[in-house]
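Here's the structure, in structure tokens; my notes come after.
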Amino acid sequence: MLLLFSVALFVSAALLFAVEPMFARMVLPLLGGSPSVWNTAMVFYQAALLAGYGYAHLLSGRGLRWRAAHLAVMAAVLLLLPLGLGPTQRPVPGGDPVGWLLLTMTATVGLPFLLLATTGPLLQRWFAHTGHPHARDPYFLYAASNVGSMVGLLAYPFVVEPRWTLAEQSRLWAIGYGLLLPLIAACAFVARAAASSPAMPRPDPAPLSDAPVTWRRRLTWVALAFVPSSLMLGVTMHFSMDIVAMPLLWIVPLAIYLLTFIVAFAARPLIGPRRAAQVLIFAVLGVLIVLEAHTSETLWLVVGLHLAALLAAGLTCHGLLAADRPGIRDLTEFYVWVAVGGVLGGAFNALLAPLVFRSVAEYPLVLIVACVLAPPWPRRARAKPDAGPSPGEAAPAPRVSGGDLLAAVILTAIVAGIIFGVRAAGHEWRQGEFVVLLAVLCFPLFAFRRRPVRFGLALGGVMLLSPLAGGAERPTLFAARSFFGIHRIQRVRTPAGTMHQLMHGTTVHGIQWVDPSRCDEPLGYYHRLGPAGQIFAAFGQAPGARRVGVAGLGTGALGAYAEAGQRWTFFEIDPVVVRIAADPRWFCYLDGMPAPPRVRLGDARLSIATDTTRYDVLVLDAYSSDAIPVHLLTREAFQEYFAHLTPHGVLVLHLSNRFFDLEPVVARIARDGGWSGRLRSDGQVAERERSQGRFPADWAVVAREERELASLAGDARWRRLRERAGVPLWTDSYSSLVSILR
């Protein structure tokens, strides 16, 4: 019996969490590959999970007919499978991507996901009435369910995606769903038979925690579920925007989030909330320093610190949840309130934060809340380590005392005095100096470890003051946040002059001299001495080059190559980028063009597909930070590009990327299409040239025939595109980022 319920929960959870990255992979290309797609999708999944738990709560007290009806609805869903997007399910250019994504997911994956979400609490409730020796406390099955979730989630990028196309993945998922139905039916039959057997002992319905289920207790459950959910998405966005925009990393915070559930709800947890809270203090102090350091040199150390903070916060909050779990009677209601907290955490990050904050401020803010909710450190060493919570150990409610407020205010005032005192002395803070100050402040903060509220308030005061000391070397002149990312314009001073620099997350997306007399000098990856300069000297200035298309606007730097009589079109998905490029206060590339360019708002591939123009030069330069919009680099995409090129037109690709080697992808597609391609990689740039605004850059050119590239073939720096073993042909249905990791 126990094996049957465990297998059913495992399969259901694996299907539930396999469909999350699979369907996100389906919609990601339509929204420019933005990490916000994943965060918004997570909000939908959490909302569907809440609806599923609510449905399970209503169904749990019903009789046999309701169980049969539930199984019939699950069987009827087979008619909606396999999952997929219809040809008309496309976002409106310039419209609300969040609303479109939520509606599309509701119409496509909503019902199957909701029904799968009911399985966990429903089967636990059925098991609780079987009379099994473990039926008194069925919460251990929650850990088994989360193991299935972990397997489904991690199997997708490393096993499923590299082996099967999206269509095949969807069919396999439908088969798995079909196999789950007899398992759930068998569980229903066993539970019914056990409940009707007079010889079967009934479990004691007394709650595991002695505390009554009051509204205060429910709100505590919500708060403890809110924090890990918000932190999971906060870490994901922080990774994408401020550390490394690697889509493979997007699933790691979710995997850790699931791991904390597995540990917290295990029959014998490896670590309890008090011990986790001790780890949390150290992890948060480390995060405090690396948030200000803004470094990616020691990438895995920085990533590890953030993940450690998420792990410790999740173990603390979920451990307190597990300690305060109610008995069988209130089991499904408990899961409903946990799901409410999860939804609120996701909605706060994905829906509210982009409207309120211009940076990923929600992440450190919720870290502070996690510290406030944590149980206090013990005042003396325990003879026995904290192995985990025991039933009846209700979550402590944080209490704010006058002493807590006074201590936090005093420490904040001291830090403010140091910051403004140094400035008053005529010295501007440098980043390294302020990091040293924060490291010193860790000692008084650590002294507050036995008072979580005092620690959290003092930490919040220090974090609030940190922007006042930072940014002296590269001050931020403008910042904006959209669905597609966080954009900052910085002033950069070099021996050669002052420049404005556009940052998308941690990636420079354009740079230009502040001096108006130098507006016509393309800088960065587009420097005249680099591959881009040579490409436009060979093709862009040719007598027949009348129409030029560019996918990805950035600062509009390529517009510096425009010639009189040419017609330029930029394709850009992010309205914020369009506003930045068109504002001469920051960048004047577009203003300096001989003729105003046409700017089409929307996904580049979809916009090109509906464009009637045939281009002599078509440039592909559309990236979100270092994230790869995979749908722009598939066989079908290249076929559409060449369909919009003149007979002698060329396709130009900017392939610079810190984490992925894109050359073999392009080489494989070119071979499949019978096209020729060459690449120039300027991996090393002298320091003197860097100060002049030139960046290392990789650019490729693909044409229908090799003779179209004759102007580049004579230059030894331009070599033929090279394929790499293990890198398959990317199509709209199949791609693998794992195969091109550097």
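The values are calculated or read from the model by the stated rules, or taken from the named source; none is laboratory data. Being a predicted model, the structure only gives us computed values, none of them experimental. Neighbour counts run over all protein chains shown; Cβ positions are idealised from the backbone, glycine included.
Filtered by the rule that a residue be at pLDDT 90 or above, under 29 Å from residue 58 (Cα atoms) and surrounded by 23 or more Cβ atoms within 10 Å (Cβ to Cβ), the stretch 344-391 gives a lone residue, 345.
Residues in the stretch 111-149 that are among the small types (Gly, Ala, Ser) and at pLDDT 65 or above: 117, 120, 128, 131, 143, 144, 145, 148, 149.
Filtered by the rule that a residue be touching a strand residue (DSSP E or B) at 6+ places or on another chain (Cβ under 7 Å) and in contact (Cβ under 8 Å) with a residue 60 or more places away in the chain, the stretch 719-742 gives 737, 740, 741, 742.
When each of 455, 448 is tested for being at pLDDT 75 or above, buried (at least 21 other Cβ atoms within 10 Å of the Cβ) and not in a helix (DSSP H, G or I), the lone residue that passes is 448. You will find that of 630, 665, the residue that is among the hydrophobic types (A, V, I, L, M, F, W, C) and crowded, with 22+ Cβ neighbours inside 10 Å is 665 and no other. Within the stretch 571-580, does at least one residue satisfy the condition of being touching a helix residue (DSSP H, G or I) at 6+ places or on another chain (Cβ under 7 Å), closer than 30 Å to residue 741 by Cα and surrounded by fewer than 24 Cβ atoms within 10 Å (Cβ to Cβ)? No: zero hits. Would you confirm, using the coordinates I've provided, whether residue 554 is at positive phi, assigned by TED's automatic domain parsing to the domain that holds residue 608, in contact (Cβ under 8 Å) with a residue 40 or more places away in the chain and in contact with a Gly (Cβ under 8 Å, 6 or more places away or on another chain)? Answer is yes for this residue. Of all the listed residues (97, 121), the sole one being under 24 Å from residue 485 (Cβ atoms), touching a residue at least 12 places away in the same chain (Cβ under 8 Å) and either outside the structural domain of residue 21 (by TED's automatic domain parsing) or surrounded by 21 or more Cβ atoms within 10 Å (Cβ to Cβ) (or both) is 97. Screening 728, 696 for residues that are modelled with pLDDT under 90, on the phi < 0 side of the Ramachandran plot and not hydroxyl-bearing (Ser, Thr, Tyr) leaves exactly one candidate, 728.
For (1) of a type in the set (S, T, N, Q); (2) surrounded by fewer than 24 Cβ atoms within 10 Å (Cβ to Cβ), each residue gets a yes or a no:
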{"position": "487", "(1), (2)": "no, yes"}
{"position": "490", "(1), (2)": "yes, yes"}
{"position": "505", "(1), (2)": "no, no"}
{"position": "510", "(1), (2)": "no, no"}
{"position": "537", "(1), (2)": "no, yes"}
{"position": "553", "(1), (2)": "no, no"}
{"position": "558", "(1), (2)": "no, no"}
{"position": "562", "(1), (2)": "no, yes"}
{"position": "566", "(1), (2)": "yes, yes"}
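Can you confirm whether the stretch 658-672 contains a residue that is part of a strand (DSSP E or B), under 32 Å from the mean Cα position of the chain (by Cα) and not hydroxyl-bearing (Ser, Thr, Tyr)? Taking every residue of the stretch 658-672 in turn, at least one turns out to be part of a strand (DSSP E or B), under 32 Å from the mean Cα position of the chain (by Cα) and not hydroxyl-bearing (Ser, Thr, Tyr). Residues that are hydrophobic (A, V, I, L, M, F, W, C) and within 20 Å of residue 525 (Cα to Cα) do not occur anywhere in the stretch 634-648.
What about residue 264, is it in contact with a Leu (Cβ under 7 Å, 6 or more places away or on another chain) and either farther than 29 Å from residue 481 by Cα or at pLDDT below 80 (or both)? Yes, satisfied. Filter the stretch 460-501 down to the residues that are modelled with pLDDT of 80 or more and aliphatic (A, V, I, L, M) and list them by number. Correct list: 477, 479, 480, 486, 489, 492, 496, 499. Residue 568 falls short of the stated requirement of being outside the structural domain of residue 688 (by TED's automatic domain parsing) and modelled with pLDDT of 90 or more. Regarding residue 698, is this residue touching a helix residue (DSSP H, G or I) at 6+ places or on another chain (Cβ under 8 Å), in a loop (DSSP other than H, G, I, E, B) and not aromatic (Phe, Trp, Tyr)? Criteria not met by residue 698. The set of residues in the stretch 706-742 that are over 30 Å from the mean Cα position of the chain (by Cα), aliphatic (A, V, I, L, M) and surrounded by 13 or more Cβ atoms within 10 Å (Cβ to Cβ) comprises 709, 712, 713, 721. Which one is modelled with the highest pLDDT, of the residues in the stretch 324-343 that are part of a helix (DSSP H, G or I) and in contact with a Ser or Thr (Cβ under 7 Å, 6 or more places away or on another chain)? Of everything passing the filter in the stretch 324-343, 341 is modelled with the highest pLDDT.
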